[in-house]
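The values are calculated or read from the model by the stated rules, or taken from the named source; none is laboratory data. Since this is a predicted model, take the numbers as computed values, not measurements. Note that each Cβ is placed from the backbone with ideal geometry, even for glycine, and that neighbours are counted across all protein chains shown. Note: accessible area is taken over every heavy atom of the protein model, side chains too, but ligands, DNA and RNA are not part of it. Shrake-Rupley method; radii C 1.70, N 1.55, O 1.52, S 1.80 Å.
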Amino acid sequence: YQVGRHQRTCAAAWVATEFAVSHICCTENYEESGADSLYLTRNEDTAPTCGAQADGKLFTSELGMCYDLANNWWDNKIEAIRGGSATACIDVWEGGWGEGRHMQFCRTDWIPVEFPVSHVCCTD
């Protein structure tokens, strides 16, 4: 991604593209609150992705990526997690990297999380 043509749409309406789309990013605009946006990308044909669920929504984390969820919709809402494969693990923390409670899971089935998650990593 970040190569070739680009189109951005910030509305709840269908919009046609004039080129073949290879990557999609869905971002939230937090400019009014001064918080950072969280940019997530996913390519089904590449490395396994870890996942998290909250309120019926799915968060996917690419292998090798870590996310600080502060000032983001996902902060302290994650209810369940899954790893990306037998060797791709999801790590979640309460309160910060290496702080509070920690959980690591390395399988693709879903398991509940029993604490508020503030940080997520997907590692190999």
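Please work out which one of (1) of a type in the set (Val, Ile, Thr); (2) modelled with pLDDT under 95; (3) over 28 Å from ARG8 (Cβ atoms); (4) within 12 Å of the chain's Cα centre (by Cα) is the condition ILE81 fails and give its number.
Tallying (1) of a type in the set (Val, Ile, Thr); (2) modelled with pLDDT under 95; (3) over 28 Å from ARG8 (Cβ atoms); (4) within 12 Å of the chain's Cα centre (by Cα), ILE81 fails exactly one: (2).
One line per residue, one yes/no per condition, for (1) of a type in the set (Gly, Ala, Ser); (2) more than 26 Å from HIS102 (Cβ to Cβ); (3) open to solvent by 50 Å² or more (accessible area, probe 1.4 Å); (4) at pLDDT 60 or above:
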residue: GLN7; (1), (2), (3), (4): no, yes, yes, yes
residue: SER22; (1), (2), (3), (4): yes, yes, yes, yes
residue: TYR30; (1), (2), (3), (4): no, yes, no, no
residue: CYS66; (1), (2), (3), (4): no, no, yes, yes
residue: TRP73; (1), (2), (3), (4): no, no, yes, yes
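Mind counting the residues in the range 75-98 that are hydrophobic (A, V, I, L, M, F, W, C) and open to solvent by 60 Å² or more (accessible area, probe 1.4 Å)?
2
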